[in-house]
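Asks: Take a look at the following structure, please.
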Amino acid sequence: QVQLVESGGGLVQPGGSLRLSCAASGSSLSVHAMGWYRQAPGKQRELVAFITSGGTKNYADSVKGRFTISRDNAKNTVYLQMNSLKPEDTAVYYCNRYIVPFGSWGQGTQVTVSS
């Protein structure tokens, strides 16, 4: 069973940057398209970005040009570089397989953008 552990969140001022990591154990992520998702208080979880096994990337319009998803298959880790952060990016961020998530989600990592 895949276990996903997200890290790298924190409190940052508007315009700041954070780099999130998602480390997996129990299975190799290399054959899967992986996504970063987020859930803000009172809202549904939404897809932020995904990266295919071949490295093709896609982003939600709200983060395009500011966020970059990447993967290191040797480390079995997926990353999300977030620049020019806005208050509306405040949410708990999760990673999981794209389209058909693995059965279990990690605990997520809190990102708070505030002055």
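The values are calculated or read from the model by the stated rules, or taken from the named source; none is laboratory data. Note that the coordinates shown come from a computational prediction; the quantities given were computed from them, not determined experimentally. Every residue, glycine as well, gets a Cβ built from its backbone with ideal geometry; the counts of neighbours run over all protein chains shown. Each accessible area value is taken on the protein alone, full model and side chains, heavy atoms only, with ligands, DNA and RNA left out. Shrake-Rupley method; radii C 1.70, N 1.55, O 1.52, S 1.80 Å.
Asks: Taking Lys86 as meeting all but one of (1) closer than 25 Å to Ser114 by Cβ; (2) under 15 Å from the mean Cα position of the chain (by Cα), write down the number of the exception.
Replies: It fails just one condition, (2).
Asks: Further question on the same structure: Taking into account only those residues within the range 17-35 that are closer than 21 Å to Ser62 by Cα and open to solvent by 20 Å² or more (accessible area, probe 1.4 Å), which is nearest to the chain's Cα centre (by Cα)?
Replies: Within the range 17-35, the match that is nearest to the chain's Cα centre (by Cα) is Ser21.
Asks: Kindly indicate whether Gln44 is open to solvent by 50 Å² or more (accessible area, probe 1.4 Å) and at pLDDT below 95. Before the answer, list the steps.
Replies: Numbers: open to solvent by 50 Å² or more (accessible area, probe 1.4 Å): yes; at pLDDT below 95: no.
When the stated conditions are applied, Gln44 does not pass them.
Asks: Among the listed residues Arg71, Arg66, Arg38, identify the single one that is open to solvent by less than 60 Å² (accessible area, probe 1.4 Å), touching a Gly at 6+ places or on another chain (Cβ under 8 Å) and among the charged types (D, E, K, R). Quick ask: steps written out before the conclusion?
Replies: Working: Arg66 fails: touching a Gly at 6+ places or on another chain (Cβ under 8 Å); Arg38 fails: touching a Gly at 6+ places or on another chain (Cβ under 8 Å).
Just a single option satisfies the conditions, and that option is Arg71.
Asks: Could you identify the single residue in Gly55, Gly9, Gly35 that is on the phi > 0 side of the Ramachandran plot and not charged (D, E, K, R)? If you could, list the steps in order and put the result at the bottom.
Replies: Numbers: Gly9 fails: on the phi > 0 side of the Ramachandran plot; Gly35 fails: on the phi > 0 side of the Ramachandran plot.
Answer to the check: Gly55.
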